[in-house]
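A.B. asks: Quick one: structure below, then a few questions.
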Amino acid sequence: MSARALIADRPRVIATAVLAGGALVTAAVNYPGSLSYDSFVQLLEGRSASYGGWHPPVMSWLLGLFDAVVPGAGLFMLFDTALAFGALLSILWLRPKAGWGAVAAAVVIACLPQLFLYQGIIWKDVLFADACLAGFVCLAWAAARWNRTRLRFTMLAAGALFLALATLARQNGAVVVPCAAAALGAIAFACEKQWRHAAAYAAGGLALVTLLVLAGHAALQTRVDEDAAGTAGQFKLLALYDLVGMTKTDPTLSLPVLDKSAPELAARIRGNGVRLFTPARNDTLVASQQLQDVFADTDNGVVMAQWREAALDHPGLYLGLRARLFGWVFATPNLVQCYAYHVGAEGDPLDLKTLGMRPRFDARDRWLQDFGDFFVGTPAFSHVFYAALALAALVLLLRRREPADLAMAGLLGAALLFTLTFFVISIACDYRYLYALDLSAIAATLYLTAGTKKGA
């Protein structure tokens, strides 16, 4: 682009400078990243190349790759930051010309805790959101440059890789794949006006991402400990939480399967389980060592059979409990209990010793904490606000239906569907779980402000 063209396109150039500056400041202030207990567990797994299976192995693998270059999580943090800000920056250049609204949006976005704080936190939730955003932005670029065959397929291939990474980064991340396939099919039809071609692109995209996910999963599973509880253990824990919650809600609830096959667990559920239950998170149940010991000794099949029977025989009770739990993860009524964010480095002392690292909460972390606290209680930390923003953006995009609009609509659809999965699987209300919803709504808003007229 010539100097004269850049001058004529001042809003986009300024918005680009703002976001690029925001990326640099975010990286400089947060480096080498904030780590919680889970972060250190995954870093240790990555360094040892032996994965416990409780967390998605791809996160540990990536941490291990970057740790081998520079010890710690600093390079991984820079990768995450580059992924998110790179996708947002590229959005500014999707359309022929941007307006001054893009500058205002860029300023706000660069200051939001979702970018300035969260991109410095070493969590799989951030990796999932960033990779999902990058994948759909690649689809948007393929849509916007559909007539350039080489660029189109390059972007589609890159998008498939990012979406596969997102799927591997979250246990329920697979919901983004059909959304992406549907978006690609809609884009192909908008560009070529042939249903057969649209169906071929949708099926091909779905097959490619699925193949990448299956191959990645198979490769990573070779490093997962044989004794790891993995997905089965997570579903067993979810079932226990539901059973305790249902019993807490209705003390007369019968547990015939447990009463017959695991009577001691049934007694602990009715006793310490009910006493310790909270809709905010399942961690409180750990306070009863007796409950945990009996639960660990009970066969998975017995617990799951009781859960299925209770949910099917008492659907109103089950759905009412699930609605209550979803309300906590979606509305996060108490951001102290729901952990709005994390700063510093805090983990299991043995993990830190093994890694040769120390806990950290210095003056920089205190400043970051003050920054985050400033936004607590505002729409900046409200999934409800971002869901409303996402729905409004989705309506606008589907009304306009330009090819790139369909990719961004797919992103929002994937984020909203991902959010809904927590109606079934939520066991804690941590704000980070729905971070992808916030980031997707932010990206869609930037897209809509970056050019409102076709060819403008």
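The values are calculated or read from the model by the stated rules, or taken from the named source; none is laboratory data. All of these numbers come straight from a predicted model, not from anything done at the bench. Neighbour counts run over all protein chains shown; Cβ positions are idealised from the backbone, glycine included.
A.B. asks: Just the residues that are under 25 Å from G327 (Cβ atoms) and either out of contact with any helix residue (DSSP H, G or I) (no Cβ under 8 Å at 6 or more places or on another chain) or aromatic (F, W, Y) (or both), please, taken from segment 282-311.
C.D. replies: Selection gives D283, W307, R308.
A.B. asks: Need the failing condition index for G205 against (1) buried (at least 17 other Cβ atoms within 10 Å of the Cβ); (2) not assigned by TED's automatic domain parsing to the domain that holds V176, just the number.
C.D. replies: Condition (2) is where G205 drops out.
A.B. asks: Do any residues in segment 382-405 that are in a helix (DSSP H, G or I) have Cβ atoms under 6 Å from those of residues that are exposed (fewer than 15 other Cβ atoms within 10 Å of the Cβ) and not polar (S, T, N, Q), where the two are at least six apart or on different chains, and which pairs are they?
C.D. replies: Sorted first by the residue in segment 382-405, then by its partner, the pairs are V384/A331; F385/P379.
A.B. asks: Inside segment 93-122, can you point out the residues that are at pLDDT 95 or above, out of contact with any Gly (no Cβ under 9 Å at 6 or more places or on another chain) and either in a loop (DSSP other than H, G, I, E, B) or not assigned by TED's automatic domain parsing to the domain that holds W146 (or both)?
C.D. replies: Within segment 93-122, L112 is the sole residue that qualifies.
A.B. asks: Still on this structure, please answer the following. Any idea which of A102, A73, A82 is in contact with a Leu (Cβ under 9 Å, 6 or more places away or on another chain) and under 25 Å from D9 (Cβ atoms)? Break it down into steps so the answer makes sense when it comes.
C.D. replies: Numbers: A73 fails: under 25 Å from D9 (Cβ atoms); A82 fails: in contact with a Leu (Cβ under 9 Å, 6 or more places away or on another chain).
Checking each option against the conditions leaves just A102.
A.B. asks: For segment 76-134, which residues satisfy the criterion of being without any contact (Cβ under 8 Å) to a residue 40 or more places away in the chain and farther than 21 Å from A164 by Cα?
C.D. replies: So the first thing to find is which residues in segment 76-134 are without any contact (Cβ under 8 Å) to a residue 40 or more places away in the chain, and the list is 79, 108.
Scanning segment 76-134 gives a single hit, V108.
A.B. asks: Still on this structure, I have one more. Which residue is farthest from Q234 (Cα to Cα), if the candidates are limited to segment 122-176 and must be β-branched (V, I, T) and surrounded by fewer than 23 Cβ atoms within 10 Å (Cβ to Cβ)? Spell out how you get there, then give the answer.
C.D. replies: Keep residues of segment 122-176 that are β-branched (V, I, T), which gives 122, 126, 137, 149, 154, 167, 175-176.
Filter again for surrounded by fewer than 23 Cβ atoms within 10 Å (Cβ to Cβ), leaving 149, 154, 175.
Numbers: T149: 44, T154: 37, V175: 18 Å.
Across segment 122-176, the extreme among qualifying residues is T149.
A.B. asks: Turning to a different aspect of this structure: Among the listed residues A380, A323, A331, A363, identify the single one that is crowded, with 16+ Cβ neighbours inside 10 Å and small (G, A, S).
C.D. replies: Details: A323 fails: crowded, with 16+ Cβ neighbours inside 10 Å; A331 fails: crowded, with 16+ Cβ neighbours inside 10 Å; A363 fails: crowded, with 16+ Cβ neighbours inside 10 Å.
After applying the criteria, what remains is A380.
A.B. asks: Among (1) farther than 16 Å from Q234 by Cα; (2) more than 28 Å from the chain's Cα centre (by Cα); (3) surrounded by 13 or more Cβ atoms within 10 Å (Cβ to Cβ), there is one condition V303 misses while meeting the rest; what is its number?
C.D. replies: It is condition (1) that V303 fails.
A.B. asks: Of the residues A49, A17, A82, only one is hydrophobic (A, V, I, L, M, F, W, C), closer than 20 Å to A436 by Cα and surrounded by fewer than 17 Cβ atoms within 10 Å (Cβ to Cβ); which?
C.D. replies: Numbers: A49 fails: closer than 20 Å to A436 by Cα; A17 fails: closer than 20 Å to A436 by Cα.
Residue meeting the stated conditions: A82.
A.B. asks: Looking at segment 264-272, can you tell me whether even one residue there is free of Cβ contacts under 8 Å to residues at least 24 places away in the same chain and either closer than 22 Å to T231 by Cα or hydroxyl-bearing (S, T, Y) (or both)? Walk me through it before giving the result.
C.D. replies: Filtering segment 264-272 down to residues free of Cβ contacts under 8 Å to residues at least 24 places away in the same chain leaves 266-267, 270-272.
If we keep only those that are either closer than 22 Å to T231 by Cα or hydroxyl-bearing (S, T, Y) (or both) too, we end up with none.
Checked segment 264-272: no residue is free of Cβ contacts under 8 Å to residues at least 24 places away in the same chain and either closer than 22 Å to T231 by Cα or hydroxyl-bearing (S, T, Y) (or both).
A.B. asks: Within segment 348-357, is there a residue that is more than 16 Å from L117 (Cα to Cα), in contact with a Cys (Cβ under 7 Å, 6 or more places away or on another chain) and in contact (Cβ under 8 Å) with a residue 12 or more places away in the chain? Steps first, answer last, please.
C.D. replies: Residues of segment 348-357 more than 16 Å from L117 (Cα to Cα): 348-357.
If we keep only those that are in contact with a Cys (Cβ under 7 Å, 6 or more places away or on another chain) too, we end up with none.
So far as segment 348-357 goes, no, none of its residues is more than 16 Å from L117 (Cα to Cα), in contact with a Cys (Cβ under 7 Å, 6 or more places away or on another chain) and in contact (Cβ under 8 Å) with a residue 12 or more places away in the chain.
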